[in-house]
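Enquirer: Before we start, here is the structure in question, set down as structure tokens.
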Amino acid sequence: MIGQEVAEDGTSGVQRVNLEYARRPDGTLHVALGGEWKLGGGLPAPQGVLEEIARPPHPQRVMLETSVLAGWDSGLLTFLLAVVSRCTELGVEVDRHGLPEGVKQLLALATAVPARHARRRATPKPFLARVGDAAIGWRNGWRDTLAFIGEAFVSLLGLLTGKARFRRSDLLRALQDCGAQSLGIVALINLLVGIILAFVGAIELRNFGAQIYVAHLVGIGMLRDIAPIMTGIIVTGRTGASFTAELATMEANQEIDALKTLGIPPMDFLVLPRLLALSLMMPLLCLYADLVGITGGLVVSASMLGISPVQYLEETKRAVGLNHLFLGLFMSFVFGVLVALTGCMRGIRSGRSASAVGEATTSAVVTGIVNIVVATAIITVISYVLGI
């Protein structure tokens, strides 16, 4: 007999818990547990058994026996888990056949998942490897973009030949979402931009007694660049993000796969109505923004510069021409196509998780704004070269 620990009830002196452990000649450490192994009954500490297991020479096997066990709860599991963990560290085999079935199952669950170790810091890749990965990612991104644009163009050709398959109700809903429901925010932003532009111009033009040219500044600025750009940015953050979130959620829920299974092209059914709606409504929203921005300049001119509304409108009519108007409308049409393609592409190409939907939406907004700025620079240079 190597060790024996007995715990008694403090009030009646009745023996409640018994722990005996002895090492046999064959190198087996026999651990016998008996009595009521429950919390609150003065359970023995596993320290004695752990020291015996660690004493050289280590036992070849630890055999657990509970043939005289009257009852148990998590206190027994805590004791046994400490013994099993110590045996695992020392490479000692544990014989659990003498344990109750419930105890064996709970021990198996407790020891099934290993302890989580601290993550090692990933070794940074060499500079050339990072450059290569970035180049491959850039190439794959452009390849997917060009493939999506090609599919959209084929779908548009199918529309012209009467082969496109989509519901008119989807097109009408997209028209309403892109057009009527965007009027409020478009009016607010462009009105404030017109007021700011007129206010900044008035401060400098007043020094030269040329306040009347505020109408030229606001009219040309709003029609050529500011109204299309501001409207495009607003639509990108509102409608483009909505397109992406909706399509990305459908991708996560495998609804797009269901359409493909039914033989319905997602490009026709999902992308084409949104592309048509935004392309048609953007020039109208831009024209609306032009009128609101000019109204903002009129408010500043009438309240600060003493210019009558009739005089302001006459100067605006004299300053702007159809070339300014059509250039702005053309830019807004291009912005509508870019925003629609970007939003739909990010949505359909997204992953199938909640985080992927958020990442796709963020990417759509950022990419859409960048596309608008780049397209503005290109169109501005071309118009300057052509003398428009």
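Enquirer: Considering segment 46-79 alone, what residues qualify as being β-branched (Val, Ile, Thr) and surrounded by 14 or more Cβ atoms within 10 Å (Cβ to Cβ)? Lay out the reasoning, then the answer.
Expert: So in segment 46-79, the residues β-branched (Val, Ile, Thr) come out as 49, 53, 62, 66, 68, 78.
Passing the criteria: 49, 53, 62, 66, 78.
Enquirer: In the set 339, 366, 381, 373, which member is farther than 20 Å from residue 255 by Cβ, assigned by TED's automatic domain parsing to the domain that holds residue 174 and surrounded by 20 or more Cβ atoms within 10 Å (Cβ to Cβ)? First the steps, then the outcome.
Expert: Values: 366 fails: surrounded by 20 or more Cβ atoms within 10 Å (Cβ to Cβ); 381 fails: surrounded by 20 or more Cβ atoms within 10 Å (Cβ to Cβ); 373 fails: surrounded by 20 or more Cβ atoms within 10 Å (Cβ to Cβ).
Selected residue: 339, the only one of 339, 366, 381, 373 that is farther than 20 Å from residue 255 by Cβ, assigned by TED's automatic domain parsing to the domain that holds residue 174 and surrounded by 20 or more Cβ atoms within 10 Å (Cβ to Cβ).
Enquirer: Right, next: So which helices (runs of 4 or more DSSP H) stay within segment 81-195 end to end and still have 1 or more residues that are farther than 27 Å from residue 336 by Cβ and not assigned by TED's automatic domain parsing to the domain that holds residue 296? Before you say what the answer is, go through the steps one by one.
Expert: Working: elements: 101-112, 127-160, 168-178.
Result: 101-112, 127-160.
Enquirer: Within segment 304-351, can you find the residues that are touching a Ser or Thr at 6+ places or on another chain (Cβ under 7 Å), farther than 21 Å from residue 238 by Cα and of a type outside the set (Val, Ile, Thr)?
Expert: Hits for segment 304-351 are 312, 327.
Enquirer: Looking at (1) farther than 25 Å from residue 371 by Cβ; (2) surrounded by 21 or more Cβ atoms within 10 Å (Cβ to Cβ), which is the one condition that is false for residue 261?
Expert: Every condition holds for residue 261 apart from (2).
Enquirer: List the number of the failed condition for residue 69; all other conditions in (1) in contact with a Pro (Cβ under 8 Å, 6 or more places away or on another chain); (2) in a helix (DSSP H, G or I); (3) among the hydrophobic types (A, V, I, L, M, F, W, C) hold.
Expert: (2)
Enquirer: Being out of contact with any Leu (no Cβ under 8 Å at 6 or more places or on another chain), under 27 Å from residue 237 (Cα atoms) and among the small types (Gly, Ala, Ser) is the filter here, so list the residues in segment 257-290 that pass it.
Expert: Those that are out of contact with any Leu (no Cβ under 8 Å at 6 or more places or on another chain), under 27 Å from residue 237 (Cα atoms) and among the small types (Gly, Ala, Ser): 279, 289.
Enquirer: Further question on the same structure: Could you list, in sequence order, the residues of segment 350-361 that are surrounded by fewer than 13 Cβ atoms within 10 Å (Cβ to Cβ) and free of Cβ contacts under 8 Å to residues at least 40 places away in the same chain?
Expert: 355
The values are calculated or read from the model by the stated rules, or taken from the named source; none is laboratory data. Here the structure is a predicted model, which means the values were calculated and not measured. All Cβ positions, glycine included, derive from the backbone under ideal geometry; neighbour counts span all protein chains shown.
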